[in-house]
Structures are given as C-alpha cells and as structure tokens.
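Here's the structure we're looking at; comments come further down.
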Amino acid sequence: MSMPQGRIMDTIKQYQRYPCMKPWIGNKYHSPMHKRLLVLGESHYLPKGSTVHLIAEDWYEKQQKDLSKEEVKWLSTSGIIENNKDKNFPKKAHGIYKNACIEINSCSFNYKLSSQAIEHFAYYNFFQRPAEVTGDSIKVKGIDKEVSILVLESVIKKLEPELIIFTSSLAGKFGKEVASKKGIPFVITPHPTCAWWNRTAKKYNGRGRDLISTFLEQYKWMA
C-alpha cells in the first residue's frame, strides 16, 4: 500500500524537526492530465518579535516544539494553502500562491477560481529557515544552503517531479544545481509579489510572470 501523501515527507530529517513546513501536495499532483510539477518559493516569515530563527545554526538544532502556536501557524505551508485556496488567497501576504496559480491556470485549466490550480502541483519554500525580517529576503548562511539543498534532493526523490518552477531568483540560484544534476527542466522567475512580475525586462524577454506559461508550454506540461 502506498504511503498517504501527507506522510510522504515524514522520513526527511528537517521535516521531522519542523513537520509544519512539509510541502503542500495537491490532490491532483499525480493526475495523468499533466506532468508532475514542483513549485518552489523562497522562505517563510515569522511574526514580528520572533527571534527563534535569527541565529541560523541554532534554528537547525531546534524543533517545532520550541515554537509558539502562532509561529507554527506562520510556517504551516499546507495549512496556509488549505485555509486560503477556496477564497482565492485574499490576503496580500499570500500573493505568491495567488499569482503563481493565475499563471499556471491561465495556460492550462482556466478554472473560474484560479486558486484551484494549486491542486495540480506541489509547493514548498526552498529555504528551510524563515527570513530574518518579514517581507525581506533571507540572508543566506552556509548552513541554510546546505540544508536547503539536501531537502530539495530528498523532496525530488520522494515526489519525482518532472518539471520545476523556482518563483524566486534567490531560491533558483542555489536550487538550480540540484535540478540540473537530476536532469529536470526548470525555470527561475522573479518573486510573484515583486515589481518585475508585471514589468517588462530584457532579462526575461517580457514580464516575469510570462516565464511560467512559456516554460510549461515548451516542456508540454499538459498531456
């Protein structure tokens, strides 16, 4: 009997420490309609005043039990998605999910509620430590890179994605090495909430958001 999707990640050491950070796996991730798609964001945030994550080395020695209930809530990848997807991710802070879904949906399913597209892919934040300041990028330490790469390698082994989208140039900078070694086609986009998502730039040959549809069409995501 196959392991339930929610338990697929239980053997990964980092998710034994922080199970709330396990990837979201859409219930149609394995659908024959399309190739298996993994989407990665950058990092979670913690509430103002949290300090548990500020020293990188200490963070990787701690566990979820060392966090407050509010901190766990902020780090619950699947919880955030589950609680907001049916409302089309109305909160500004969840723009990464909403904007990614809009682009994926527009070149595939055309659901009336674009957030339904999230049932067709897996998602998690590449960096395994929350960013120091809410709204800013994480200041990447050596141990952040090391752990994040190990987790990505493990997630790929478990989920066997056929395509990867990095919705963060910082995450893509480190994660692309893993995707390349595994032979998995990938694309790196700007963060879905930054100005370059909707702004035309030569480096993207258009808007940052357009990279998703171009990539999915090029690699024939839909069967």
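Could you sort out which of Lys87/Lys139; Lys28/Lys98; Lys141/Lys181 sit more than 29 Å apart by Cα distance in this structure? Don't skip to the end; give the middle numbers.
Values: Lys87/Lys139 32 Å; Lys28/Lys98 18 Å; Lys141/Lys181 23 Å.
Result: Lys87/Lys139 exceed 29 Å.
Given a cut-off of 22 Å, name the pairs among Lys85/Lys202; Lys85/Lys176; Lys158/Lys182; Lys62/Lys145 whose C-alpha atoms lie farther apart than that in the structure shown. Each step should come with its number before you reach the end.
Details: Lys85/Lys202 33 Å; Lys85/Lys176 28 Å; Lys158/Lys182 13 Å; Lys62/Lys145 17 Å.
The pairs that break the limit, which is 22 Å between Cα atoms, are Lys85/Lys202; Lys85/Lys176.
If each DSSP helix of 4+ residues adds -39,500 (n - 2.57) and the sum is divided by the residues in the chain, what number results at 222 nm, nearest 500 deg cm²/dmol? If you can, show how the numbers build up before the last one.
Working: 8 runs with 77 residues, N = 223.
Result for the chain: -10000 deg cm²/dmol, rounded to the nearest 500.
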Could you tell me which helices of the chain pass both thresholds, a Cα extent of 18 Å or more along their own axis and a mean Kyte-Doolittle hydropathy of at least 0.0, with helices taken as whole DSSP H runs? 142-159
For the chain, give the magnitude of the charge dipole about the Cα centre (Cβ charges: +1 Lys/Arg, -1 Asp/Glu; no others), in debye to the nearest 20. 400 debye
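Order of 25-34, 208-217 by packing, highest average Cβ count within 10 Å first? Intermediate values should be presented prior to the final figure.
Details: 25-34: 15.8, 208-217: 18.8.
Going from most to least packed, we get 208-217, 25-34.
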Please enumerate, by chain and number, the lysines with C-alpha under 21 Å from the C-alpha of Lys92, excluding those fewer than 8 residues away in the same chain. Lys48, Lys73, Lys112
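Expressed as cubic angstrom per residue, what is the convex hull volume of the alpha carbon set of the chain?
On the way: hull volume 28.0 nm³, N = 223.
Each residue corresponds to 126 Å³ of Cα convex hull volume.
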Say the dipole of the chain comes from +1 at the beta carbon of Lys and Arg and -1 at that of Asp and Glu; which of Asn99, Val140, Gly183 then lies farthest toward its positive end? Asn99
At what distance in nm do the modelled label points of Ala201 and Glu153 sit from each other, each positioned 7 Å from its Cα along Cα→Cβ? 3.0 nm
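Please list, by residue number, every one of the trypsin sites (Lys or Arg not before Pro) in the range 38-84 that is coil in DSSP and has at most 10 other beta-carbon atoms within 10 Å.
Details: sites: Lys48, Lys62, Lys65, Lys69, Lys73; in loops: Lys48, Lys62.
Counting only loop positions with at most 10 other Cβ atoms within 10 Å, the trypsin sites (Lys or Arg not before Pro) in the range 38-84 are Lys48.
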With labels modelled as points extended 7 Å from the Cα through the Cβ direction, what inter-label distance (nm, one decimal) is found for Ser31 paired with Lys145? 3.8 nm
Over all distinct alpha-carbon pairs, what is the Kirkwood Rh of the range 99-223 in angstrom? 15.4 Å
Under 17 Å from a label point 7 Å along Cα→Cβ of Gln63: give me every residue in the range 10-24 with its amide N that close. 10-22
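Values quoted throughout were computed directly from the atomic coordinates according to the rules given, and no laboratory measurement underlies them. Quantities reported herein were computed from a predicted structural model and do not represent experimental measurements. Every residue, glycine as well, gets a Cβ built from its backbone with ideal geometry; the counts of neighbours run over all protein chains shown.
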